[in-house]
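The values are calculated or read from the model by the stated rules, or taken from the named source; none is laboratory data. This one's a predicted model, so the numbers in the text were calculated from it and none came from an experiment. Cβ placement follows ideal geometry from the backbone for every residue including glycine, while neighbour counts extend to all protein chains displayed.
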């Protein structure tokens, strides 16, 4: 951000967003073996959520991205499946299934980096990593670790039926992860992602 943007941007009602920090995603791979302390076990579903863009240029990027992901998923160390879909709010989701957390992080990083290189970095909203409770609880639903591209921070999301949240579980997970990952300190920015396709 330039000095002029920093001083006059807020006065003029505009700010320039920082580029998403892709490399922070790899901290999740290195934290993987310690996630049991946060009562999390990988559930094999990962995704990138972005604001959709209309137009031929983005349609071509989406086609290129689909081809790139298919090639990456055929790699010898990957057992991945992928799909690109739009939800009922118009957001685009690149969704992966792979049992290995490291593969999920690598694919999410690949998608984000590719979009950034093509000039669509500001469209990136969140990376979503699905986990299950560990030790298992028959009544527990999925737990999510979200990466906010705009902030460069992780935070937990534990949805309950009826669009409720398990705040106590989120606080426990956030506290445990604070030693491992850059966790969002502002709890008002722990935005829910209801009905995400992960």
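When only residues in the stretch 1-26 that are part of a helix (DSSP H, G or I), in contact with a helix residue (DSSP H, G or I) (Cβ under 9 Å, 6 or more places away or on another chain) and buried (at least 16 other Cβ atoms within 10 Å of the Cβ) count, which is modelled with the highest pLDDT? Even if it seems obvious, please write down each step before you answer.
The initial filter retains those residues of the stretch 1-26 that are part of a helix (DSSP H, G or I), namely 3-8, 22-26.
Within this subset, residues satisfying the condition of being in contact with a helix residue (DSSP H, G or I) (Cβ under 9 Å, 6 or more places away or on another chain) are 22-23, 25-26.
Cutting the leftovers down to buried (at least 16 other Cβ atoms within 10 Å of the Cβ) gives us 22, 25.
On the way: 22: 76, 25: 91.
This residue is 25.
If you go through the stretch 140-198 and keep only what is more than 25 Å from residue 88 (Cβ to Cβ) and under 14 Å from the mean Cα position of the chain (by Cα), you end up with 151, 152, 153, 154, 181, 182, 183, 184. Filter the stretch 46-58 for residues that are assigned to a helix (DSSP H, G or I) and either closer than 15 Å to residue 94 by Cβ or touching a residue at least 24 places away in the same chain (Cβ under 8 Å) (or both) and give the result. Listed by number, the list holds a single entry, 58. Could you please let me know if residue 98 is surrounded by fewer than 16 Cβ atoms within 10 Å (Cβ to Cβ) and touching a strand residue (DSSP E or B) at 6+ places or on another chain (Cβ under 8 Å)? Answer is no for this residue.
Going by what's in this entry, would residue 78 be described as under 18 Å from residue 196 (Cβ atoms) and either modelled with pLDDT under 90 or part of a loop (DSSP other than H, G, I, E, B) (or both)?
On the way: under 18 Å from residue 196 (Cβ atoms): no; either modelled with pLDDT under 90 or part of a loop (DSSP other than H, G, I, E, B) (or both): yes.
Considered against the rule, which asks whether it is under 18 Å from residue 196 (Cβ atoms) and either modelled with pLDDT under 90 or part of a loop (DSSP other than H, G, I, E, B) (or both), residue 78 comes out as no.
Within the stretch 59-75, the residues that satisfy the criterion of being farther than 13 Å from residue 94 by Cβ and at pLDDT 75 or above are 59, 60, 71.
Each residue in the stretch 109-135 was checked for being at pLDDT 90 or above, closer than 21 Å to residue 179 by Cα and in contact with a helix residue (DSSP H, G or I) (Cβ under 7 Å, 6 or more places away or on another chain), and 2 of them qualify. Exactly one residue out of 161, 197, 142 is more than 28 Å from residue 52 (Cβ to Cβ) and surrounded by fewer than 19 Cβ atoms within 10 Å (Cβ to Cβ): that is 161.
Applying the criterion of being part of a loop (DSSP other than H, G, I, E, B) and touching a helix residue (DSSP H, G or I) at 6+ places or on another chain (Cβ under 9 Å) to the residues of the stretch 136-153, the residue that is farthest from residue 116 (Cα to Cα) is 140.
If the condition is being closer than 22 Å to residue 138 by Cα and loosely packed, with under 15 Cβ neighbours inside 10 Å, then the stretch 164-194 contributes 164, 167, 168, 171, 194.
Do the conditions hold for residue 86, that is, is it within 27 Å of residue 35 (Cβ to Cβ), within 19 Å of the chain's Cα centre (by Cα) and in contact (Cβ under 8 Å) with a residue 12 or more places away in the chain? Show your work before the answer.
Values: within 27 Å of residue 35 (Cβ to Cβ): no; within 19 Å of the chain's Cα centre (by Cα): yes; in contact (Cβ under 8 Å) with a residue 12 or more places away in the chain: yes.
For residue 86, the condition - within 27 Å of residue 35 (Cβ to Cβ), within 19 Å of the chain's Cα centre (by Cα) and in contact (Cβ under 8 Å) with a residue 12 or more places away in the chain - is not met.
Taking residue 48 as the residue in question, decide whether it is surrounded by 18 or more Cβ atoms within 10 Å (Cβ to Cβ), in contact with a strand residue (DSSP E or B) (Cβ under 9 Å, 6 or more places away or on another chain), under 20 Å from residue 197 (Cβ atoms) and modelled with pLDDT under 85.
Numbers: surrounded by 18 or more Cβ atoms within 10 Å (Cβ to Cβ): yes; in contact with a strand residue (DSSP E or B) (Cβ under 9 Å, 6 or more places away or on another chain): yes; under 20 Å from residue 197 (Cβ atoms): yes; modelled with pLDDT under 85: no.
Judged against the criteria, residue 48 is not a match.
If you go through the stretch 154-180 and keep only what is part of a loop (DSSP other than H, G, I, E, B) and in contact with a strand residue (DSSP E or B) (Cβ under 7 Å, 6 or more places away or on another chain), you end up with 158, 166. For the stretch 116-132, residues that are out of contact with any strand residue (DSSP E or B) (no Cβ under 6 Å at 6 or more places or on another chain) and closer than 23 Å to residue 28 by Cα total 4.
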